Amino acid sequence: MMTPEEIAAAHPGPMPEDGLTPLARARARMEAAGQWTPSQLMGRRWAIGCVALEITQRCNLDCTLCYLSEMSEAVQDMPLEEVFRRIDAIHDHYGPGTDIQVTGGDPTLRARPELVAIVRRIAERGMRPALFTNGIKATRSLLTELCDAGLVDVAFHVDNTQQRKGLTTEADHDAIRAEYIERARGLPLAVYFNTTVHAGNFHEVPDLVRFFVRHSDVVRLASFQLQADTGRGVDRARPDVISQHTVARQIELGAGTPIAFDVPGIGHPACNRYAMTLVVNGRVHDLFDDRAFIVRLFEATRHLTFDRTSKREAVRTFTDWILANPVEALRSSGWVGRKLWAMKADLAASGGRANKLSFFIHNFMGAHQLEHERIDACSFMVATADGPVSMCLHNAKRDAFILQKLRVGGKDWDPLVGAGDGGRRRVPLKGRARVEANP
């Protein structure tokens, strides 16, 4: 474990001048962390899993498991010039094709023209912007405008930690999920849903999976994020029943079939588990059940980039690769044949229609339980004023990053007072501060 002193001293380093490409640098990092394996995607397919770009610290919900800090609501939105500088820094570190989560707080609380400009800047730099939002202000109109600016993904976070009025169980939230799905339907977007798993909804995970299976014509990924003792939330220690293994079993229960979560490497295995399935005629079919074949396929297709916004284009990319690589096509024929045979009845009943539905399990670390090895192999970074840093480390010492004074446009910028020409604004108490103020 990292000591409190090590956490306090940890800081993003300067841009490496080692002459390596971002991909080679990622591989070197995985090797140093002991995580370079034949199935590791970091350093093989991409230089980083994703980078969070927090464009506001404000939020219009008060989650019981919030990762923001007690000071977050007091922090002014950083100037657009600084946001653009961080986008360029992400490009310098990881190169084109990097997935950037436009997040917060809730990013839809930024002025709409600024949010659109941020998404456009990311796309213009050849990276892939994703909107991470609770969905309250993510209207159809906004999503359409963001798509025009280059948005690739939208991830809606909906669960019963959010204290939405009149809603208690996860089933109570299904109408909201369905509404968000309709807002995005037909847009060139990959639609994701994020759910925080805790004691109050662990038993509902199978039903959640069934909901996502029913809506797999639009939903492409369901991410389950395990409760972590960090931030300003009022719920703290994670109960023993919640682990990567038990959540995976709950997902399998909802899917109605065994699912392989241990095939692709995404940074450290204690942090991330990923599975891919096909939903055909309402039935779930695991795509990673032949580990040896899938690992070989990862290696053979490591250079391919798939369009997540268009099923047709993604299939075309893979088909073109098959046609250009007949030897690989022959090697794949056995696996393809077995899959088609296993799905034959469902394919016939559905008219050949199949939807990809992936599952992701993210195991965040608590603020006082950071492990050196996992930080070193992190695939989920946050953009700070001085460069990218691991998300778990960022959450553990968030105030050190968000309260940092900046020099923007030749002027000093204070996160608590903006450019210094106004007083501090009145902010609401949230999380533990609110509870403690109203015992």
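Once the range 131-158 is narrowed to residues that are touching a Phe, Trp or Tyr at 6+ places or on another chain (Cβ under 9 Å) and in a loop (DSSP other than H, G, I, E, B), the residue that is surrounded by the fewest Cβ atoms within 10 Å (Cβ to Cβ) is 138. For the range 215-237, residues that are open to solvent by less than 40 Å² (accessible area, probe 1.4 Å) and in a strand (DSSP E or B) total 7.
If you filter the range 289-305 down to residues that are without any contact (Cβ under 8 Å) to a residue 24 or more places away in the chain and within 23 Å of the chain's Cα centre (by Cα), you find that the one that is farthest from residue 38 (Cα to Cα) is 304. Pairing each residue of the range 119-130 that is outside any loop (DSSP other than H, G, I, E, B) with any residue that is open to solvent by 40 Å² or more (accessible area, probe 1.4 Å), provided the two are 6+ apart or on different chains, yields C-beta distances under 6 Å for 121/84. Taking the range 309-341 as the range and being out of contact with any helix residue (DSSP H, G or I) (no Cβ under 6 Å at 6 or more places or on another chain), of a type in the set (A, V, I, L, M, F, W, C) and open to solvent by 40 Å² or more (accessible area, probe 1.4 Å) as the test, the residues that pass are 315, 318, 323, 324, 327, 330, 336, 340, 341.
For the range 394-411, filtering for residues that are of a type in the set (A, V, I, L, M) and assigned to a strand (DSSP E or B) leaves 2. Note on the range 264-302: among residues that are part of a loop (DSSP other than H, G, I, E, B) and under 22 Å from residue 330 (Cα atoms), the one that is most open to solvent (accessible area, probe 1.4 Å) is 302. Evaluated against (1) touching a strand residue (DSSP E or B) at 6+ places or on another chain (Cβ under 7 Å); (2) among the small types (Gly, Ala, Ser); (3) under 26 Å from residue 69 (Cα atoms), residue 228 falls short on exactly one condition, (1).
Listed here are the residues, each with its yes/no results for (1) open to solvent by 20 Å² or more (accessible area, probe 1.4 Å); (2) modelled with pLDDT of 95 or more.
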residue	(1), (2)
343	no, yes
352	yes, no
355	yes, yes
403	yes, yes
417	yes, no
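Of all residues in the range 97-127, those being farther than 16 Å from residue 388 by Cβ and of a type outside the set (Asp, Glu) number 18.
Just to be sure, is residue 175 of a type in the set (A, V, I, L, M), touching a helix residue (DSSP H, G or I) at 6+ places or on another chain (Cβ under 9 Å), open to solvent by 30 Å² or more (accessible area, probe 1.4 Å) and outside any loop (DSSP other than H, G, I, E, B)? Spelling it out, it is not the case that residue 175 is of a type in the set (A, V, I, L, M), touching a helix residue (DSSP H, G or I) at 6+ places or on another chain (Cβ under 9 Å), open to solvent by 30 Å² or more (accessible area, probe 1.4 Å) and outside any loop (DSSP other than H, G, I, E, B).
Does residue 190 satisfy the condition of being within 25 Å of residue 257 (Cα to Cα), within 18 Å of the chain's Cα centre (by Cα) and of a type in the set (Gly, Ala, Ser)? Yes; evaluated as a whole, the condition is true for this residue. If you go through the range 189-205 and pick out every residue that is out of contact with any strand residue (DSSP E or B) (no Cβ under 7 Å at 6 or more places or on another chain) and open to solvent by 10 Å² or more (accessible area, probe 1.4 Å), you end up with 6. Here residue 186 passes the criteria (1) open to solvent by less than 10 Å² (accessible area, probe 1.4 Å); (2) closer than 19 Å to residue 355 by Cβ; (3) without any contact (Cβ under 8 Å) to a residue 24 or more places away in the chain; (4) not hydrophobic (A, V, I, L, M, F, W, C) except the one numbered (1).
The criterion of at least 3 residues that are of a type in the set (D, E, K, R) is met, among helices (runs of 4 or more DSSP H) falling completely within the range 303-393, by 311-324, 326-342, 372-376.
The values are calculated or read from the model by the stated rules, or taken from the named source; none is laboratory data. What you are looking at is a predicted structure, and each value in this text was computed from that prediction instead of being measured. When we count neighbours, we look across all protein chains shown, and the Cβ atoms used for this are built from the backbone with ideal geometry, even at glycine. All accessible areas refer to the heavy atoms of the entire protein, side chains included, with ligands and DNA or RNA removed. Shrake-Rupley method; radii C 1.70, N 1.55, O 1.52, S 1.80 Å.
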